[in-house]
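Engineer: What follows is a structure written as structure tokens; I'll ask about it next.
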Amino acid sequence: MKKTFNQLFSDRLILQATTLTFIFLLLSVVAIAITWQYLPPIVPLYNQASWGDPRLADKIFLFLPSLIVLTGVIVNSIIARFYLNSMPLIARFLAITITFSSILVFIFDIRTLQLII
């Protein structure tokens with residue numbers, strides 16, 4: 001397993017993209033943790049839903065987008081490992097795509113926290 005990740009992270013772009021992904025995920029979790037005590041028990045999370053109760057969720061669900069991106073990092077790393085030798089461009093696209101996803105989740109979390117507090 002360690003050999004697999006060493007081979008995957010031997011590509012500098014994939015290493016930088018994955019590092020940036022984890023930085024934005026960490027910033028997102030830290031932002032939620034800092035404002036946790038100021039959050040009400042139910043927050044408006046699903047902004048595309050119709051007005052009222054369908055938009056609301058418990059505040060623990062604020063971690064859900066970060067968890068989804070973390071799952072995407074794991075899945076994309078596994079897929080990128082298989083394509084690294086034969087098609088390195090696809091492996092790089094997977095790493096960059098999940099980096100943009102983590103940036104969008106960070107923006108979503110910050111905007112949601114601004115809306116609530």
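The values are calculated or read from the model by the stated rules, or taken from the named source; none is laboratory data. Here the structure is a predicted model, which is why all the values come from computation and not from measurement. Here the Cβ is made from the backbone with ideal geometry for all residues, glycine too, and neighbour counts use every protein chain on show.
Engineer: On the given criteria, is F108 part of a helix (DSSP H, G or I) and in contact with a Pro (Cβ under 8 Å, 6 or more places away or on another chain)?
Structural biologist: Numbers: part of a helix (DSSP H, G or I): yes; in contact with a Pro (Cβ under 8 Å, 6 or more places away or on another chain): yes.
For F108, the condition - part of a helix (DSSP H, G or I) and in contact with a Pro (Cβ under 8 Å, 6 or more places away or on another chain) - is met.
Engineer: Filter the stretch 47-79 down to the residues that are within 17 Å of the chain's Cα centre (by Cα) and either farther than 15 Å from S101 by Cβ or charged (D, E, K, R) (or both) and list them by number.
Structural biologist: Matches in the stretch 47-79: I60, F61, L62, F63, I78.
Engineer: Look at the stretch 67-100 and say how many of its residues are in a helix (DSSP H, G or I), of a type outside the set (F, W, Y) and without any contact (Cβ under 8 Å) to a residue 40 or more places away in the chain.
Structural biologist: The initial filter retains those residues of the stretch 67-100 that are in a helix (DSSP H, G or I), namely 67-83, 88-100.
In the following step, the residues that additionally are of a type outside the set (F, W, Y) were identified as 67-81, 88-92, 94-99.
Add one more test, that the residue is without any contact (Cβ under 8 Å) to a residue 40 or more places away in the chain, and what stays is 67-68, 71-72, 74-76, 78-79, 89-90, 94, 97.
Final tally of qualifying residues: 13.
Engineer: Within the bounds of the stretch 11-21, is there any residue that is farther than 17 Å from F108 by Cα, modelled with pLDDT under 95, outside any helix (DSSP H, G or I) and out of contact with any His (no Cβ under 7 Å at 6 or more places or on another chain)?
Structural biologist: Within the stretch 11-21 (the criterion being farther than 17 Å from F108 by Cα, modelled with pLDDT under 95, outside any helix (DSSP H, G or I) and out of contact with any His (no Cβ under 7 Å at 6 or more places or on another chain)), the answer is yes, since at least one residue qualifies.
Engineer: How about the stretch 1-35: which of its residues are surrounded by 12 or more Cβ atoms within 10 Å (Cβ to Cβ) and more than 22 Å from T99 (Cα to Cα)?
Structural biologist: T35
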